[in-house]
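Bear in mind that the values in this text are calculations on the coordinates, not laboratory data. Small disclaimer: the values here were computed from a predicted structure and weren't measured. We place every Cβ from the backbone using ideal geometry, glycine too, and count neighbours over all the protein chains shown.
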Amino acid sequence: MHRRAFLSAVAGGAALALAGCARMPPWDFPTASPRVGKRPTSTPQSVPSFTPPVPSPEPTPLQGPPQLAKVSLPAGAITELPGHSALLAWTVDDGIDADVVLKYIEFAAATGTRLTFFLNGADPGWTTHAALLRPLVASGQVQLGNHTWDHPNLNKLSDGRVVAELQRNHDFISTTYGVDARPYFRPPYGFRNARVDRLAASIGYSTPVLWYGTLSDSGLITPEQVVSFADQWFLPGHIVIGHANFPPVTTVFPQLSAMIHTRGLQTVTLNDVFLKP
C-alpha cells in the first residue's frame, strides 16, 4: 500500500484514532488510542452554537499572545489542556501538500492564530517555505513538534530506527528553524507503547502529544465536513488535530477563525501552557 494512501473521514471509537494521519498503515489499530470524547447532546452555555458565516475576503484577526501562568507537564502522554479556561490547541500534522503548508503559514501570519505544527521533515514544504515560517516560529506564535522524519509506525521499528526517526527530524527542525522541539513528539497514527516512549525519552522527547478531537482531514474530505468536525471539536481545553495534506481546510479558514471567536476561545501553543522540563 502506498504510504500516502487515502484515509476516509471518520469520527468516534477506534476509527477516530486513525483519523490522525493520512499515511494509512497495513497493520492493526493502536493499542492506546487518543482520547475520544462524546459530543454533548446539548451545547453548553459557554460554547455557543455556530452557524458558518459568509466567508470574508480576509480572515478575522485573533487575539495576541496569551498571558498565562504556565503549569508543569504531567507525566506521560497529553490529550487535552489543563484547567477550565477557554483555551484551544490547534495542532497540524504531516505536510504532504506544500501549498497547504504555505496557506497555513499565510493564515497564521494574517490572523495571529497560534498553531503547533507536528511536521515530517521529509515533506518538502517545510523546507520550501521555511523562510516564511521562521519569523512565526521565532516569535513563539507557531510551535514546532516532532512527528518523525517520514512517518513510520514506530511500534514496528527496531530500537535504533525509532531513535533515528526522531533524531533526524529533531536535527532538521533545529537546523532549519533554530528551535528545539523537545519534549513534544506525536507518534504517527497515534501508535506508541512503553518501548517507544522510553526510546523517545532517551533523546529528550518525553511527552507524547495525542489529541481530543480531529478535523478528520488527513484524507480528502469536503470543506463542509471540515467545518462540521471543527464544530464538534473546537471546545475549551481540547487539543485538536488537523493536517497540512489536502486543500479543503484552507478554503474554510475564515469560518474556523469565526468559530473560535464566537465560542470565546483563544488559540495557544503547548509552550504557551506548559513549563519546559
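Summary of values
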{"quantity": "Packing rank of 154-164, 249-259, 207-217, where each peptide gets the mean count of other beta carbons within 10 Å, highest leading", "calculated": "207-217, 249-259, 154-164"}
{"quantity": "Region 197-277: relative contact order in percent, alpha carbon pairs under 8 Å with at least 6 residues between", "calculated": "28"}
{"quantity": "Among Leu275, Ile239, Leu265 the positive-end extreme of the charge dipole of region 157-277 (Cβ point charges)", "calculated": "Leu275"}
{"quantity": "Relative contact order (%) - criterion: Cα under 8 Å, at least six apart; region: region 76-272", "calculated": "32"}
{"quantity": "Net lengthening on full extension, Leu220/Ala164 (0.36 nm per residue, minus Cα-Cα)", "calculated": "17.1 nm"}
{"quantity": "Rounded if a/c under 1.5, otherwise prolate or oblate - region 169-277, Cα gyration tensor axes", "calculated": "prolate"}
{"quantity": "When region 105-185 is reduced to its Cα atoms, the Kirkwood hydrodynamic radius in Å", "calculated": "13.1"}
{"quantity": "FRET efficiency, Ala122 to Ala194 (Cβ-Cβ, R0 35 Å, nearest 0.05)", "calculated": "0.85"}
{"quantity": "HN-Hα J in Hz across region 88-97 - Karplus 6.51, -1.76, 1.60, θ = phi - 60°, x for Gly and Pro", "calculated": "10, 9, 8, 10, 10, 9, 6, x, 4, 9"}
{"quantity": "Distance (nanometres) between label positions extended 7 Å along Cα→Cβ at Val179 and Thr251", "calculated": "3.0"}
{"quantity": "Kirkwood Rh, angstrom, region 76-272 [1 / mean 1/r, Cα pairs]", "calculated": "16.6"}
{"quantity": "For region 65-83 and region 154-187, distance of Cα centres in Å", "calculated": "22"}
{"quantity": "Nearest-0.05 FRET efficiency for Ala75 and Ile203, computed from C-beta distance (R0 22 Å)", "calculated": "0.80"}
{"quantity": "Separation between Cα centres of region 89-117 and region 233-274, rounded to whole Å", "calculated": "10"}
